[in-house]
């Protein structure tokens, strides 16, 4: 996998692999120039509702103006991780980075690998189906009690805690901001490991507290009912107006959970590039792991 990830490296892109909090803090200490650049943009456009960052979208392969606005942001500030959306593919910053990574890895493998996405009614799924030389399968969670693999109005249902795929039947699993919403994290990770062939890869993004050694559980399911342990928090869901409940605020022990479930080469991949519009706190992150 190292050779595949090395394909991401470019003169105008910072890339590092981080295996624990100590390595992250060392990388963060070198981010002064990157965070200064982001802060300059925030101040320059603080009074502007929307603006466009010139960049090369690696999902589309063209130079565009990436849309920056205050959606999902804070007063007078842009949430760079969730915005900088490409007007062609509609992918935001973290999604464009995932597309960049997935395209390089799938293209390096040859053949027609089986790729599973924990999403289907999204621009990322549409991009993957149209752009990857792979058998791309997507799904959404459509409700409790449905058998995995059920298709309703063209949408496949899967439960992250009980996937319907056979053992060792997939080459790549991609999850984008899903693992904070599963009610039980260990079974969800174990299912991802089960369905991957040996040597297969798991790539995912997740809201992550870099200052927390231990994950905080915000809610549990008990007796078939959701019990909140903290003030309920919801994130956007394209199939539910009320959003999806957050069950976990993940910390560094998430990497240990991956290793305990049969994954190796587990790391946080840190990336930053002004040319490609990979901004966000001086270090945009995704997670990678290889099935043993």
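Only the coordinates and a few stated rules stand behind these numbers; no lab work does. These numbers were taken from a predicted model, which means no experiment stands behind them. Using ideal geometry, Cβ is built from the backbone for each residue, glycine included, and neighbour counts are taken over all protein chains shown.
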(request) Could you list 32, 150 in order of exposure, starting from the residue whose Cβ has the fewest other Cβ atoms within 10 Å? (result) 32, 150
(request) Take the alpha carbon gyration tensor of region 82-180, find the square roots of its eigenvalues, order them as a ≥ b ≥ c, and report rounded if a/c is under 1.5; if not, report prolate when a/b exceeds b/c, else oblate. (result) oblate
(request) Express in nm, to one decimal, how much length is gained between residue 260 and residue 210 on full extension, taking 0.36 nm for each residue of separation and deducting their alpha carbon distance. (result) 16.0 nm
(message) I want to check the label-to-label distance for residue 242 and residue 162. Put each point 7 Å from Cα in the C-beta direction and report it in nm to one decimal.
(response) 2.2
(request) For each of 275, 269, 170, 196, count neighbouring Cβ atoms within 10 Å of the residue's Cβ, then give the residues from fewest to most. (result) 275, 269, 170, 196
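How big is D, in µm² s⁻¹, for region 102-258 by Stokes-Einstein at 4 °C and 1.567 mPa s if Rh is the Kirkwood radius over C-alpha pairs? Kindly include the intermediate steps, with their values, before the conclusion.
Working: Rh = 16.5 Å.
The Stokes-Einstein estimate is 78 µm²/s.
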(message) Quick check: the angle from helix 93-109's long axis to the longest principal axis of the chain, C-alpha only, nearest 10 degrees?
(response) 70
(request) With everything on Cα atoms, drop me the angle between helix 185-195 and the longest principal axis of the chain, reported from 0 to 90° to the nearest 10. (result) 80
(message) I need the P(r) histogram for the chain: all alpha carbon pairs, bin width 10 Å from 0 out to the longest distance, whole percents.
(response) 6, 27, 37, 24, 5, 0
(message) Compute the angle between helix 32-44 and the longest alpha-carbon principal axis of the chain, please, reported from 0 to 90 degrees and rounded to the nearest 10.
(response) 80
(request) Could you list 51, 127, 28, 74 in order of exposure, starting from the residue whose Cβ has the fewest other Cβ atoms within 10 Å? (result) 74, 51, 28, 127
(message) Looking at region 2-287 only, what percent of DSSP beta bridges run antiparallel? Nearest 5 please.
(response) 70
